[in-house]
Structure formats: C-alpha cells, structure tokens
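J.: Quick one: structure below, then a few questions.
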Amino acid sequence: MFRTKSLFCFLLLTVTFSGCRRARELPETLDAYNMVYKIDYLEDRAGDIPTKILPGKMHAYYTKYFVLTRIDGFFNQFTLEQMADLRKRRVTTMLTFFGNKVYCVGEPGLLPAGIKDPGRMHFTETGEVQEIGGLQSRTLLVETDTGEYRISYTTDFTVRRPNICTPYSSIDYPLTDFKIQLSYLKMHLTCSEFKSESIDSKIFNIPPEYKSVTREVMEDIINSLFTKD
C-alpha cells in the first residue's frame, strides 16, 4: 500500500542513537490541561490516501514545562507525537510506523517536522465570542497571501508558549479551533473536550527504543506514509 520496504530500510540505516533521551528531572506527576480536538479533513485525499480512513481526533496536554500533541491512526500502526520543551523553545517529533520508532529534535523556534509553514499571516480580532469544547473562545480573522479564514483561542487557562507546535506560535493563548497542514494532510481541528488532570511526567521522556533521525529523514518518512507504491 505504501512505498516499498527498501525505502524504510534505507531510512532506518540512517538512524543513530541519542545519548540524551530525557529532559531535566521532573516531578513524578504534572498538572496538565488536556484538550481533545476533533479532526475534520479539508480534502478527500491526503496524497494517495483517502482521508475517511484517517484518525478523527488529536489529544493535547498543556503543562508548565511541556506541550504534547498526539495523533494515533492506521489501526494502531501509526502514532505521531509533537513534544515541545517550553523553556528551550524546541519541538521533538516522535513517530511510530509499522513497528518502527524514530524521533528528531527540532531547532529552537522552528516548526515541527512535517508541519507546513503557511507564510505571512496577519491576525485581526473579530469581537466574536463563542463556547468551543466548554471553553469561552475568541475569534481571529487570519489573512494570508492565499486567502483568509477564522481561528479561535481561549483565555480560560494560560500556559507559556501554548502554540509552539503550530504555525500560530505568536498567539499567546491556547487555540480551540484552527487549521494546520501536516505533509499532504490538511486539517481543521476543533476542541471537543477539556479537563484539568494530573499526568505522569514520563510521557515527556523519549522511550529508549526510539532512534534518532535528522529532520530531513523524518519528513521523508512522514511524506511516504501518504504515498502508495
């Protein structure tokens, strides 16, 4: 269904183990804001893959030290996590695909691997307020070189650099409704659930079975997931 095994063998030959897989020592548990986003796909296909078979939700955890987003799909054969270190302003991408596990650490201030940069954006407050996923949300008009659309954010809770995993990092409040593109995949995400909880800080460690790859290799792997032979 996807590219030949030789591509994956080539990509996996390029990996190296990382000598540092943990962030600094953290408490055993962290207070977190957990948001579940419903995913609507803006096109019927992502590359060669019908979007109707793709995952319908994304989980996001906002804490004092980290932001983590997670999408599971392809019948548990695929998991993509973007883990942002809020102090170092960098995002680590972790990917599981068909039994293989790889990660790459981004440079400070750069978008995560696979996320498309929409280019110039201008934000204008519309004055519209609505409830999204139980959160009071304010609407922004986004103007780009190719068109305009609306996104929403909430001030019901705050966290440092909440949107570092997205192209909207200049917005200081968590997003409740927004658009984003991952490789060939154009998505509209809307908050459907929200809760505060205590979570195990181990989810912010890179498991030892993951192997380090470059950003270029990570993006090649992500792109290949949407391309048939």
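The values are calculated or read from the model by the stated rules, or taken from the named source; none is laboratory data. Only a predicted model underlies this, so the values are computations on that prediction, with no experimental measurement involved. All Cβ positions, glycine included, derive from the backbone under ideal geometry; neighbour counts span all protein chains shown.
J.: Given the condition hydrophobic (A, V, I, L, M, F, W, C), at pLDDT below 95 and either outside any strand (DSSP E or B) or crowded, with 21+ Cβ neighbours inside 10 Å (or both), answer yes or no: does some residue in segment 210-221 qualify?
T.: So far as segment 210-221 goes, yes, one or more of its residues are hydrophobic (A, V, I, L, M, F, W, C), at pLDDT below 95 and either outside any strand (DSSP E or B) or crowded, with 21+ Cβ neighbours inside 10 Å (or both).
J.: Restricting attention to segment 183-192, does a residue exist that is touching a Leu at 6+ places or on another chain (Cβ under 9 Å), surrounded by fewer than 17 Cβ atoms within 10 Å (Cβ to Cβ) and either touching a residue at least 24 places away in the same chain (Cβ under 8 Å) or hydrophobic (A, V, I, L, M, F, W, C) (or both)?
T.: So far as segment 183-192 goes, yes, one or more of its residues are touching a Leu at 6+ places or on another chain (Cβ under 9 Å), surrounded by fewer than 17 Cβ atoms within 10 Å (Cβ to Cβ) and either touching a residue at least 24 places away in the same chain (Cβ under 8 Å) or hydrophobic (A, V, I, L, M, F, W, C) (or both).
J.: Suppose we keep only residues that are modelled with pLDDT of 70 or more and surrounded by 14 or more Cβ atoms within 10 Å (Cβ to Cβ) within segment 20-34. Which one would you say is nearest to Ser212 (Cα to Cα)? Steps first, answer last, please.
T.: Start the filter on segment 20-34 by keeping residues that are modelled with pLDDT of 70 or more, which leaves 25-34.
If we keep only those that are surrounded by 14 or more Cβ atoms within 10 Å (Cβ to Cβ) too, we end up with 26, 30, 32-34.
On the way: Leu26: 22, Leu30: 26, Ala32: 27, Tyr33: 29, Asn34: 28 Å.
Residue satisfying both the conditions and the ranking: Leu26.
A quick yes/no check of all residues on (1) surrounded by fewer than 17 Cβ atoms within 10 Å (Cβ to Cβ); (2) outside any strand (DSSP E or B); (3) touching a residue at least 24 places away in the same chain (Cβ under 8 Å):
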residue	(1), (2), (3)
Ile151	no, no, yes
Phe157	yes, yes, yes
Pro162	no, yes, yes
Pro207	yes, yes, yes
Asn223	yes, yes, yes
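J.: Considering only residues that are in contact (Cβ under 8 Å) with a residue 40 or more places away in the chain and not aromatic (Phe, Trp, Tyr), which ones fall in segment 61-89?
T.: Thr63, Lys64, Val67, Leu68, Thr69, Leu80, Gln82, Met83, Ala84, Asp85, Leu86, Arg89
J.: Please work out which one of (1) touching a strand residue (DSSP E or B) at 6+ places or on another chain (Cβ under 7 Å); (2) without any contact (Cβ under 8 Å) to a residue 40 or more places away in the chain is the condition Gly134 fails and give its number.
T.: (2)
Per-residue answers, yes or no, for (1) over 18 Å from Lys179 (Cβ atoms); (2) outside any loop (DSSP other than H, G, I, E, B); (3) of a type in the set (Ser, Thr, Tyr); (4) modelled with pLDDT under 95:
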site: Lys38; (1), (2), (3), (4): no, yes, no, no
site: Lys52; (1), (2), (3), (4): yes, yes, no, yes
site: Pro55; (1), (2), (3), (4): no, no, no, yes
site: Met58; (1), (2), (3), (4): no, yes, no, no
site: Lys64; (1), (2), (3), (4): yes, no, no, yes
site: Leu68; (1), (2), (3), (4): yes, yes, no, no
site: Asn76; (1), (2), (3), (4): yes, no, no, yes
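J.: Same structure, new question: Restricting to segment 86-131, and then to whatever is basic (Lys, Arg) and farther than 23 Å from Ile222 by Cβ, can you tell me which residue is surrounded by the most Cβ atoms within 10 Å (Cβ to Cβ)?
T.: Out of the qualifying residues, it is Arg87.
J.: Which is polar (S, T, N, Q) and at pLDDT 95 or above, of Thr158, Thr190, Thr146?
T.: Result: Thr190 is the single residue among Thr158, Thr190, Thr146 that is polar (S, T, N, Q) and at pLDDT 95 or above.
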